[in-house]
1. If you take the beta carbon distance between residue 129 and residue 348 as r and set R0 to 25 Å, what does 1/(1 + (r/R0)^6) give as a FRET efficiency, to the nearest 0.05?
2. Gaussian network model of the chain, Cα springs within a sub-10 Å range: biggest mean-square fluctuation belongs to which of 205, 275, 252?
3. Let me have the 222 nm mean residue ellipticity of the chain computed from DSSP H runs of 4+ only, each contributing -39500 (n - 2.57), with the sum over all residues rounded to the nearest 500.
4. Name the shape class, rounded, prolate or oblate, that the alpha-carbon gyration tensor gives for the chain, where a ≥ b ≥ c are the square roots of its eigenvalues, rounded holds for a/c under 1.5, and otherwise prolate holds if a/b is larger than b/c and oblate otherwise.
5. Return a whole-number percent for the relative contact order of segment 90-154, with Cα pairs under 8 Å and 6 or more residues apart as the contact set.
6. Using a basic spin-label model with each label point 7 Å from the Cα along Cα→Cβ, how many nm lie between residue 396 and residue 356?
7. Which residue fluctuates most in the GNM of the chain (Cα springs below 10 Å): 348, 255, 297?
8. Could you tell me which of rounded, prolate or oblate describes segment 115-239, using a ≥ b ≥ c as the square roots of the eigenvalues of the alpha-carbon gyration tensor, with rounded for a/c under 1.5 and, failing that, prolate when a/b is larger than b/c and oblate otherwise?
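Read-outs throughout are calculated quantities, based only on the coordinates presented, and are distinct from any laboratory measurement. On a predicted model such as this, the values are computed, not experimentally measured, just so you know. Ideal geometry is used to build each Cβ from the backbone, glycine not excepted, and the neighbour counts take in all protein chains shown.
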């Protein structure tokens, strides 16, 4: 396959024409070259993967690295931001398992797997239902129109992950602000550095306090106790793990709640389908996960060896960006991907990634989504959007797609 000359390499990320659909360029690129070169905001050229088969193959390939400190690791920062944010990268990514490879990654992941098993999440389900009900109560008591994001979308996953980790919930507004700056594509390097410093300092203090005494019966406490028996993580790595879980544990689910509720309210036939037959809800959630794939470009990698794939050769030390959103709209795998089909039954999407780095918290996310959607449909059957869906402010400026505010009436 012929590679494009440098002056014809398209820029990445690409703009959406419709807030509820991926950029049209993804389909054009996938049909032409499912693995093609793009120019990142900092000027580096990397490989963009838009085909479903190629995405899964690369994410499962041991010849790719998740090390964000590699000079060729692709990101969405400008050259100025990339230079100034080096300290942010070292503080907030190097110390968590999602950016480790091989045996180091495996050891860290095994320490956490039990905390997110199906059995563990099932045991937490009654408490999560209490949290959802409390948040829906707050929504119903708020002045109308009420903001779904403030009262439900952000509140539910924040309460759940804070309680799970043993993090003070009263700091939730700080966590939201810090996380939003860290995933923003428009925040300045100074803002990103300040947010990273504040978040790391907060969790550094919390972990240190838990390490000094008898660890509490929460995830961080159990991690500390486990690490005392079998040392695997350094203090810094425990802090980094807490940072990673806190951000990942509420940002992705919060945005999926907003997008999912808007989808149901803007499509009465889909809302009626789930309301009439609640057993459809798990399949509907999988379809919405596929349809939106909110962490659309997060699986970034660097080749550690030459890799032949999709008719091209990715050379050692070249960057790779796997677009989960593009892959999950691959017509060869998902017929009519633009149609929301709640009975599609396809769990082979890559919304949670794929391979050894597949999202550890996916069981938790699925239960949170199911509880929120079911509870809203049951308790607030008259719920409706206060403004048309196409007038909402979507997060085109963030690494995790979503909606800033969702005003609703009931």
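1. 0.30
2. Fluctuation is largest for 205.
3. After summing the helix terms and dividing by the residues of the chain, the value is -15500 deg cm²/dmol.
4. Because a/c hits 1.5 or more and a/b fails to exceed b/c, the chain counts as oblate.
5. Numbers: 22 pairs, mean separation 10.3, N = 65.
Rounded, it is 16 percent for segment 90-154.
6. 3.9 nm
7. Judging by the Gaussian network model, the answer is 348.
8. oblate
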